[in-house]
Amino acid sequence: MDSGSKTEQISEDTSAIKEMFSTLNIKVDTISPIRLGKYDPTSSARRRPVRIRLPHTDAVADVIRLGGKLKSIDKFKLVSLSRDRTPAQIGYYKRIKQQLTDRTLAGETGLSIKYIHGVPKVVQARNYSGN
């Protein structure tokens, strides 16, 4: 990829992200998109993910919170948003998921993973049947 096309790609990514944020009514002045993964000109069918650096954590929370609305907009229905996780966070989630699997196989029912203050936990689902 030559530098001209890389600059074009960054410009296209930035304008697409700004349009997405505008659709969600999110005001962000500075957007720094970075394409992840190795560029492969033979694989044009699969787009590489984009990492976006935002200036403050409030903007990140707004984007993640409102990102679910994108599924109802045709232009953005294939867009998936998530926080960038560290290897330690990924490992912790895998351990929690394994704990859920082990407890379910042991016969416990109604369990799920719930994020409590941003930390995944295995919890018993509440019974809302009026009891």
The chain, Gaussian network, Cα under 10 Å: of K69, K97, K27, the residue fluctuating most is K97
What does the extension gain come out to for K114 and R95, with contour length at 0.36 nm per residue minus their alpha carbon separation? 5.5 nm
Mind checking which of S112, S11, S82 has the largest fluctuation in a GNM of the chain, springs on alpha carbons under 10 Å? S112
Just to confirm a number: summing +1 for Lys and Arg and -1 for Asp and Glu over residues other than M20 whose beta-carbon lies under 11 angstrom from that of M20, what do you get? +1
Hand me the tally of lysine pairs in the chain: alpha carbons under 19 angstrom apart, and the pair either on different chains or 8 or more positions apart. 13
Leaving out ligands, DNA and RNA, what percent of the accessible area of region 42-131 is carbon and sulfur, probe 1.4 Å? 53
Would you mind telling me which residue in G67, G91, G118 has the biggest mean-square fluctuation in a Gaussian network model of the chain, where springs connect alpha carbons within a distance under 10 angstrom? G118
Counting sequence-distant residues (5 or more places) and residues on other chains, those with an amide H built under 5 Å from that of L111 are A125
Helix-only estimate, please: 222 nm mean residue ellipticity of the chain, summing -39500 (n - 2.57) across DSSP H runs of length 4 or more and dividing by its residues, to the nearest 500. -13000 deg cm²/dmol
Using a 1.4 angstrom probe on the protein heavy atoms only, could you order D13, D74, D40, D29 from most to least accessible area? D29, D74, D40, D13
Skip the ligands, DNA and RNA, and give the accessible area per residue of the chain with a 1.4 Å probe, whole Å². 79
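The values are calculated or read from the model by the stated rules, or taken from the named source; none is laboratory data. Remember, predicted model here, so these are calculated numbers, not experimental data. Every residue, glycine as well, gets a Cβ built from its backbone with ideal geometry; the counts of neighbours run over all protein chains shown. Note: accessible area is taken over every heavy atom of the protein model, side chains too, but ligands, DNA and RNA are not part of it. Shrake-Rupley method; radii C 1.70, N 1.55, O 1.52, S 1.80 Å.
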